Amino acid sequence: MDPPLPPKNRNREPKRSQNQSSTPPQKDAYARLLSQHCSSKFSLYLEQYAKDTAFQREGNGPTTLLKVQSDRQNIPQRKRDQVPNDFSDSSDFSPSSMKSKGEESSLSLYMEKLSTRSAQPDCERKQGVSDRQRWGQRRDTATSHDGDVESGEELSTLKPNDSRKHQKQQKKSKDSNREVTSKEADSFVGHPQSPKKASTSGQEQEKMKKLKKKNLPKHPEEEKSREGTSKSGFDSQMSPYGKDNTMQQSRASSANSPAEKSKNKGGRGSKKQVFESYMAFEEVSHGLKRGELIQGQLRINPKKYHEAFVPSPDDIRDIFLDGIVARNRALNGDIVVVQILPREQWKVVRSDTDCDGTSESESLKENMVQKKTARTPRPDVTVEDQHSDQDELIRKVQNTTLTDTEELLEDPSTPQPNGEILQKTAKVVYIVEKKHSRAVTGFLKFLPDKPFAMFSPVDHRVPRINVFLADCPEDFSSRPGDYSNTLFICRITSWAADSNFAEGQLAKTLGQAGEIEPETEGILIEYDVDFSEFSDEVLDCLPKNLPWTIPPEEMRKRRDLRKECIFTIDPSTARDLDDALSCKQLPDGNFEVGVHIADVSYFVGEDNALDAIASQRATSVYMVQKVIPMLPRLLCEELCSLNPLTDRLTFSVIWKITPEGKILSEWFGRSVIRSCVKLSYDHAQSMIEAPEKMFSAEELPPADPEHPIDEIHQAVLNLHSIAKNLRAQRFSGGALRLDQLKLSFTLDKETMMPQGCYVYQYRDSNKLVEEFMLLANIATAHHIYSRFPELALLRRHPPPKTKMVDELQELCDQLGIDIDLSSAGALHKSLNTTLGDDEYTTARKEVLTHMCSRPMQMALYFCTGALKDAQLFKHYALNVPLYTHFTSPIRRYADIIVHRLLASSLNCGPNLGLSTEEVQKQASHCNDKKTLSKRVQELSSELFFGVFVKDCGPLDSEAMVMGVLDQSFDVLVLRYGVQKRIYCKSVAGLESFHHRKVGKKSELTLVWTPEDPEKASEEQVISIFTLVEVQLKADGAPMKYSAVLKRPEENKS
């Protein structure tokens, strides 16, 4: 038995019961589990455990010789350590193989949970709080202003599908197990635990940690190992997050013999590490070249933090990392190198695309069941890192196929008659790049008699952190209760291999949890958004003589378009106007159409402080109530912004185009424009909808008198007509658009608090602008690639994962949905047909779009010289061979690089001072920042909607079922466009529920307790596309809300 664990279990049990009284019971599922199963055998086990521990403390633990012997047998140290965690007592419970795990006694499983749950209470709180992270974790794909695919994923997320796998395996033998886990799952959605409860858990963990350290020698070399300079075995210890080892049992199957168990007993006298030290760089590089190691971006399941994934080079099924120890101190989003574990430690997987999650109780029948792998697949080529000397090495081996392990996968990845396949598992052996900011928001917990406090992150994918009291507020030790609801930012400074917990320092006190500004600031810091004021050095790069005017010598270099009818169409609140349009009818009946983009590269020169900060920020970040600009506001809102009635520098692309949308000629160049009016989408839409109307000056913003309103109106109508033809051509040519509902808010002008919310309408005026931005981006991509085939910065969109598409096709066939997933164009056509013709057609399309978005990959910036196969340049959704971003240089740094390339190609600007490697490095950085920016935007929206529900709720709405598990189902709330999960165990008035599954189609039957005892129970069938009534209600936790299912009879009334 592993000695540090028994005291944890003994100390923890009574404290858990204490806390139960102060917190809602559903927040502590495992405490209930223990209370239900404190049998005499359980008590005897604890007593024996205590005796074993006392014996081991006297120095009777294993020696390092045993470790050496085990290493000679090629048994990872983790395997050796997890055995005592997996089996409570070798005399009572014989070791079982992978296949027999599902038949173990439930007591054995509870022992396993006990040994790994010491950190659970706080983690459950974090799981609850993480509800705000939920939306972005789906692979929701939308289309931007430029018509480009924007996948709604946080630094590589997981589908909630994966979020249930580990939970399933902890409910093996009894219905009570399933019940507990389902209740625990309830706590994930907006039911965080109280800080008091989390603090208690933290105190106990710290006691255990200190107890362990008293008996363990320090590791002076660990500082080096954290930097990846050494390699050694590692041991599984108490998880810093909570339960950790449930799945590790199968990985330890080869170590489950009594002989192996005896090796793992004790350990207090031995030098023991929690984590394996990292491999040396040379070893890693050789392993990558030989195909023995794999590089990829780590994705940690946001709901089940002990599950993580790395993309597989074979693009079949992601590689699974089971538990905290396997991640080896890497955090979500990090670029890591992993080593595949032996085949006997791989996972048995049953493939599935049933909605968002895997069947919660399927593991009663299976040993290790994971439905489909993460719904956030990664491109075939591994994400490049930003380490200069490692770039070339790792890039060379990115497409290296696996050798031995690849051969093994061919057979296991083929589904067996029972539908089972094997999924490779791995462990992290090296961190190439720490992409995670290492900054987190959370709460500070006081630990009596400790020199440090416990910091509990809101994001439970991050470990709990020890913070020295000297770094805490002065009165924290004397008045810790005053800080129970205070949000802090903590930065991880180190994480030793022999420690379960990271160490860190408080960076900032944000304010009270639940208030918009502290929460917003926490989001920005956690996602590494630089919102600081621009430095004097940066501001010195801006023009000094204000008001600024265009120098005469610059005017002479440009095409003067100031007398043309050019205007902007943007959201009414926009202040950074970086694109304008013009449309002039020619005598021959054709049109001269221009797209005019702010010439930001004129003001942002290469290699100065302004360029450096812009390249680092890489994008503006848009939140509900504010924008964090990429560039100083003097540029964003003044000198670069194409404000009306003002001379502005632009880059223009002008086409001669037929009314049908056929391009006859094309011109690129630097220009000067003077926008005649700033139109909003609403203004343009009203013009489109009323083509014969004579608009008065009062109905529109101030306009240049040289261009009558009728002229502007006619230009908008002509653009709309051409755009419709261009759009029809695009979609008939095989393009795809996956629109998803977007929530918008009306804010109080003084308090900036939400007064109302609505689903944003994507209308013809939006489509008009989108078509010409797309056209400009495609034209620019072809132009710069033809001039700079090794330097062009383009944007590619890989096709969806074939396996996920096949599974989705099978599900749709069983649901009776006639959908063709063979290509982007076929999918687009399918989504716009055969979904009925009633008031819920739009809702059905939204649900189906959500299902189809899951297999989609993200669009990525890349340098053409770094990707040799031109077939990989293609943009799947747009169905074009080349695409880039040219039209938003005020808010995207990638566009600035494209402008510089364009200027150089036209001999109206200097040559780009970057190499292929440097362009690729910047492209990779832009990808990262774009993903983070999108996630921040989503979290901001969730934050404001949570406030809206609290202030204006409860809110009633119809909802449509998006997916069904065996104990819960997901709904799209039609009135607000939000998605929520409803757990059957939490539905009031429900007598029972039954799950039925045929093939991939999942169905729940809810049996409602009759309100009139004389009447029979009423059944309600829940399947995909079922309409239900829900009520959104604020939870006790700040900013959180849940969806409550209403009774069917209430639906009818």
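Within region 422-452, the set of residues being touching a helix residue (DSSP H, G or I) at 6+ places or on another chain (Cβ under 6 Å) and small (G, A, S) comprises A439 only. Residues in region 908-922 that are surrounded by 23 or more Cβ atoms within 10 Å (Cβ to Cβ) and among the aliphatic types (A, V, I, L, M): V919 alone.
Would you check if N777 is under 30 Å from G946 (Cα atoms), buried (at least 17 other Cβ atoms within 10 Å of the Cβ) and modelled with pLDDT of 95 or more? When the stated conditions are applied, N777 does not pass them.
Looking across R299, R329, one residue alone is surrounded by 24 or more Cβ atoms within 10 Å (Cβ to Cβ), at positive phi and either in contact (Cβ under 8 Å) with a residue 12 or more places away in the chain or within 16 Å of the chain's Cα centre (by Cα) (or both). It is R329.
Of all residues in region 1027-1053, those being in a loop (DSSP other than H, G, I, E, B) and open to solvent by 60 Å² or more (accessible area, probe 1.4 Å) number 2. Once region 937-982 is narrowed to residues that are of a type in the set (F, W, Y) and within 21 Å of A843 (Cα to Cα), the residue that is surrounded by the most Cβ atoms within 10 Å (Cβ to Cβ) is F969. Checked against (1) over 21 Å from Q857 (Cα atoms); (2) open to solvent by less than 20 Å² (accessible area, probe 1.4 Å); (3) touching a helix residue (DSSP H, G or I) at 6+ places or on another chain (Cβ under 8 Å), F309 passes all but condition (1).
Of all residues in region 991-1001, those that are surrounded by 17 or more Cβ atoms within 10 Å (Cβ to Cβ) and either aliphatic (A, V, I, L, M) or modelled with pLDDT of 90 or more (or both) total 2. K930 satisfies every condition listed in (1) under 30 Å from D530 (Cα atoms); (2) modelled with pLDDT under 95; (3) not hydrophobic (A, V, I, L, M, F, W, C) except (2). I'd like to know if region 303-319 contains one or more residues that are modelled with pLDDT of 90 or more, more than 17 Å from the chain's Cα centre (by Cα) and more than 22 Å from E526 (Cα to Cα). Yes, some residue in region 303-319 is modelled with pLDDT of 90 or more, more than 17 Å from the chain's Cα centre (by Cα) and more than 22 Å from E526 (Cα to Cα). Being open to solvent by less than 30 Å² (accessible area, probe 1.4 Å) and among the basic types (K, R) is the requirement here; does R648 meet it? Yes, satisfied.
Table: residues versus (1) out of contact with any Pro (no Cβ under 6 Å at 6 or more places or on another chain); (2) polar (S, T, N, Q); (3) closer than 17 Å to E526 by Cα.
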residue: T425; (1), (2), (3): yes, yes, no
residue: F446; (1), (2), (3): no, no, no
residue: V458; (1), (2), (3): yes, no, yes
residue: R464; (1), (2), (3): no, no, yes
residue: V467; (1), (2), (3): yes, no, no
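Residues of region 503-559 that are in a loop (DSSP other than H, G, I, E, B), open to solvent by less than 90 Å² (accessible area, probe 1.4 Å) and among the basic types (K, R): R558 alone. Has region 834-841 got any residue that is buried (at least 19 other Cβ atoms within 10 Å of the Cβ) and outside any loop (DSSP other than H, G, I, E, B)? Looking through region 834-841, none of the residues is buried (at least 19 other Cβ atoms within 10 Å of the Cβ) and outside any loop (DSSP other than H, G, I, E, B).
When S744 is tested against (1) open to solvent by 70 Å² or more (accessible area, probe 1.4 Å); (2) at pLDDT below 95, just one condition goes unmet, and that condition is (1). Here the condition is being exposed (fewer than 15 other Cβ atoms within 10 Å of the Cβ), touching a Gly at 6+ places or on another chain (Cβ under 9 Å) and not in a helix (DSSP H, G or I); of P659, P701, P691, it holds for P659 alone. Can you give me the number of residues within region 606-648 that are outside any loop (DSSP other than H, G, I, E, B) and not aliphatic (A, V, I, L, M)? Total meeting the criteria: 12. Does region 782-799 contain any residue that is of a type in the set (K, R) and open to solvent by less than 10 Å² (accessible area, probe 1.4 Å)? Yes; the residues of region 782-799 include at least one that is of a type in the set (K, R) and open to solvent by less than 10 Å² (accessible area, probe 1.4 Å).
The values are calculated or read from the model by the stated rules, or taken from the named source; none is laboratory data. Keep in mind that what you see is a predicted model, and the values were worked out from it rather than measured. With ideal geometry, Cβ positions are generated from the backbone for all residues, glycine too; neighbour counts draw on all protein chains shown. Remember, those area values only see protein heavy atoms, side chains included, never the ligands or the DNA or RNA. Shrake-Rupley method; radii C 1.70, N 1.55, O 1.52, S 1.80 Å.
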